[in-house]
Amino acid sequence: MRWAKTRPHVTYDLASSGLTPVTTSELLGDLVARDAFEISGSNDEGLAALREAIAARYGVGADCVSIAGGASGANFQSLLALLQPGDDVLIEQPGYDPLIGAARAVGANVVRFERSWKKGFALDPYVVRTALTPATRLIVFSNAHNPSGAMASRDVIEQIGIMAEAIGALVLVDEVYAEAQHDDAPVPMPAARLGPVFVTTNSLTKAYGLAGLRCGWILASPALSNRIRETRDIIDGSGSFVAERLASTAFQNIDRLRARARTVLSRNLDLVRAMATAHPRLEWLEPAAGTTAFPKVRDLDDTEAFVDRLIKEHDTIVVPGRFFQAPQHIRIAYGGDTAMIKEALSRLDLALRHF
């Protein structure tokens, strides 16, 4: 995350994993601005209308919904609520570094389990089971997988839930990329609906282009949700009333925003796929969902020097795989402006051929 915030500015950006931002006019349409931007009101436990909208969309009760500052805030809030110092937490590898950092900040012992490139980064219940320890209290993975876009089936997720329940552990599933789909498939059912052993985190950021609202949420059993909301009391108390009002408006228009996202992602993924599958230096793995792909670069043990040259000589950026504990890879984001993506891919192609 520190690299993402301090990296050089470039014209052609394949590192930013969010969707092309939704503009204010796209979101609000004819809504009276005075109502949309009311700056104060009751949202101590999250704006009631927002919690109810999230609950309705995912088929849970409002008492199962907690609001947080984006998916990162939702993950941190959940880990703080669910872990104690000295607990073991199993986290996927490759994986999103802030999840690891948050678990360590809580004082937990981080144990890794592998999602293998050879298996398409599939979530493997056997691998998870062999990584369990007597002190395991939480299993953490992303679905869709960040950075590869691989999706786990309901059966696989349920198997992991059974393992966790047998030892008194819980399962946290980061689903921030799950709804960034490239086709007309229905919205995936959140893991939290599979049983009280599961906790789901999500946001309006990656799949909907609303990063500026910092609207994240946690779905869990009523008992766990109460604990998670109490934990927020020592983090930031409550969120921005303005942002939560606008997020509530977004849920009123969520199907339109989802259609917009599908159009952008499908179009841009076609461009990435065409370049990557034809390139002699890249080994391609098709993402099932999300806004990023994670190809392997042939004949490189670490892509960081290549990314540095890509920035300096081609005004273009991707994310080095080392930030996901997979240094032979690069993460290519394709949620941005299509014309920019097309030119960035051309520059990436050229850089790879001459490195």
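The values are calculated or read from the model by the stated rules, or taken from the named source; none is laboratory data. Small disclaimer: the values here were computed from a predicted structure and weren't measured. Methodologically, a virtual Cβ is constructed for each residue, glycine included, from the backbone with ideal geometry; neighbour enumeration extends over all protein chains shown. What goes into the accessible areas is simple: the full protein's heavy atoms, side chains included, and nothing from ligands, DNA or RNA. Shrake-Rupley method; radii C 1.70, N 1.55, O 1.52, S 1.80 Å.
Residue-by-condition table, conditions (1) of a type outside the set (Lys, Arg); (2) modelled with pLDDT under 95; (3) in a loop (DSSP other than H, G, I, E, B):
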residue	(1), (2), (3)
Asp155	yes, no, no
Ala164	yes, no, no
Arg227	no, no, no
Gly239	yes, yes, yes
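Residue by residue, here is whether (1) crowded, with 17+ Cβ neighbours inside 10 Å; (2) closer than 26 Å to Leu285 by Cβ holds:
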residue: Gly61; (1), (2): no, no
residue: Leu82; (1), (2): yes, no
residue: Ile100; (1), (2): yes, yes
residue: Arg115; (1), (2): yes, yes
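Residue pairs whose Cβ atoms lie under 8 Å apart, sitting 6 or more positions apart in sequence or on different chains, and linking a residue in segment 97-111 that is over 10 Å from Leu79 (Cβ atoms) and of a type in the set (D, E, K, R) to a partner that is open to solvent by less than 40 Å² (accessible area, probe 1.4 Å) and at pLDDT 95 or above, are Asp97/Phe324. Candidates Arg267, Arg262, Arg256: the one that is surrounded by fewer than 16 Cβ atoms within 10 Å (Cβ to Cβ) and under 19 Å from Ala144 (Cβ atoms) is Arg267. Among the residues in segment 116-127, are any at pLDDT 95 or above and within 14 Å of Asp174 (Cα to Cα)? Checked segment 116-127: at least one residue is at pLDDT 95 or above and within 14 Å of Asp174 (Cα to Cα). Residues in segment 127-178 that are open to solvent by 50 Å² or more (accessible area, probe 1.4 Å) and either touching a residue at least 40 places away in the same chain (Cβ under 8 Å) or more than 26 Å from Thr292 (Cα to Cα) (or both): Arg129, Thr130, Pro134, Arg137, Met151, Arg154, Gln159, Ile162, Glu165, Ala166, Ile167, Gly168. Residues in segment 74-97 that are under 19 Å from the mean Cα position of the chain (by Cα) and in a helix (DSSP H, G or I): Ala74, Asn75, Phe76, Gln77, Ser78, Leu79, Leu80, Asp97. Candidates Thr11, Thr24: the one that is more than 20 Å from the chain's Cα centre (by Cα), open to solvent by 70 Å² or more (accessible area, probe 1.4 Å), modelled with pLDDT under 95 and closer than 21 Å to Ala180 by Cα is Thr24. When the residues of segment 330-343 are filtered to those that are of a type in the set (A, V, I, L, M, F, W, C) and closer than 20 Å to Ala261 by Cα, the one that is most open to solvent (accessible area, probe 1.4 Å) is Ala339. In segment 105-115, which residue that is within 20 Å of the chain's Cα centre (by Cα) and outside any strand (DSSP E or B) is modelled with the highest pLDDT? Ranking the candidates gives Arg115 first. Among the residues of segment 221-237, is there at least one that is under 30 Å from Ala55 (Cβ atoms) and in contact with a Phe, Trp or Tyr (Cβ under 6 Å, 6 or more places away or on another chain)? Within segment 221-237, none of the residues are under 30 Å from Ala55 (Cβ atoms) and in contact with a Phe, Trp or Tyr (Cβ under 6 Å, 6 or more places away or on another chain).
Evaluating Ile218 against the criteria (1) at pLDDT 95 or above; (2) more than 22 Å from the chain's Cα centre (by Cα) leaves one unmet condition, (2).
The set of residues in segment 291-329 being open to solvent by less than 40 Å² (accessible area, probe 1.4 Å) and not hydrophobic (A, V, I, L, M, F, W, C) consists of Thr291, Thr292, Pro295, Thr303, His314, Thr316, Pro320, Gly321, His329. For segment 102-113, the set of residues classified as over 17 Å from Ala326 (Cα atoms), open to solvent by 40 Å² or more (accessible area, probe 1.4 Å) and touching a strand residue (DSSP E or B) at 6+ places or on another chain (Cβ under 7 Å) consists of Arg104, Asn109, listed by residue number. Working only within segment 246-301, note down all residues that are at pLDDT 95 or above, charged (D, E, K, R), touching an Asp or Glu at 6+ places or on another chain (Cβ under 9 Å) and part of a helix (DSSP H, G or I). Once the filter is applied, which keeps residues that are at pLDDT 95 or above, charged (D, E, K, R), touching an Asp or Glu at 6+ places or on another chain (Cβ under 9 Å) and part of a helix (DSSP H, G or I), segment 246-301 yields only Arg273. Out of Ala211, Ala276, Ala288, Ala207, one residue alone is farther than 17 Å from Val65 by Cα, under 19 Å from the mean Cα position of the chain (by Cα), among the aliphatic types (A, V, I, L, M) and open to solvent by less than 10 Å² (accessible area, probe 1.4 Å). It is Ala207.
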